[in-house]
Amino acid sequence: LIEVNVAYKEDVDHCLNVVMALAEDLQQDPDFSNSFLDRPEKVGVESLGEFAVKIRCLIKTRPLHQWRVKREMFRRIKRR
């Protein structure tokens, strides 16, 4: 489960598309492709907070691979 807080001033659809593109790129990465069980799924807007909109995507992984995939996703999101 990947959740990202996005400022209200940002385009939520664009941010969702960026996160999904990063997840799809990660699935194609030879170092991570074996961890994926299925294609990443765009869930959408999860909640509206006081300062940000929370968006969510779902990545189904092999057991115990979720933490490695999640850390790499967050690293790539931060870089982007």
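The values are calculated or read from the model by the stated rules, or taken from the named source; none is laboratory data. Because the structure is predicted, anything quoted here is derived from the model rather than measured. Here the Cβ is made from the backbone with ideal geometry for all residues, glycine too, and neighbour counts use every protein chain on show. Calculation scope for accessible area: heavy atoms of the full protein, side chains included, ligands and nucleic acids excluded. Shrake-Rupley method; radii C 1.70, N 1.55, O 1.52, S 1.80 Å.
Filter the range 53-75 down to the residues that are in contact with a helix residue (DSSP H, G or I) (Cβ under 7 Å, 6 or more places away or on another chain), open to solvent by 40 Å² or more (accessible area, probe 1.4 Å) and not in a loop (DSSP other than H, G, I, E, B) and list them by number.
Kept after step one, since they are in contact with a helix residue (DSSP H, G or I) (Cβ under 7 Å, 6 or more places away or on another chain), are these residues of the range 53-75: 53, 55, 57, 59, 61-62, 65, 68-69, 72-73.
Of the ones still in play, those that are also open to solvent by 40 Å² or more (accessible area, probe 1.4 Å) are 62, 65, 68.
The answer is Arg68, and nothing else.
Look at the range 47-80 and say how many of its residues are within 14 Å of the chain's Cα centre (by Cα) and over 12 Å from Val19 (Cβ atoms).
Residues meeting the conditions: 11.
Take Lys42 and decide whether it is touching an Asp or Glu at 6+ places or on another chain (Cβ under 7 Å) and assigned to a strand (DSSP E or B). Give the derivation first.
Working: touching an Asp or Glu at 6+ places or on another chain (Cβ under 7 Å): no; assigned to a strand (DSSP E or B): yes.
When the stated conditions are applied, Lys42 does not pass them.
Filter the range 11-48 down to residues that are in contact (Cβ under 8 Å) with a residue 24 or more places away in the chain and over 21 Å from Leu64 (Cβ atoms), then give me how many there are.
Residues that pass the stated criteria total 12.
Which residue is farthest from the chain's Cα centre (by Cα), if the candidates are limited to the range 1-46 and must be open to solvent by less than 20 Å² (accessible area, probe 1.4 Å) and not hydrophobic (A, V, I, L, M, F, W, C)?
The qualifying residue farthest from the chain's Cα centre (by Cα) is Ser35.
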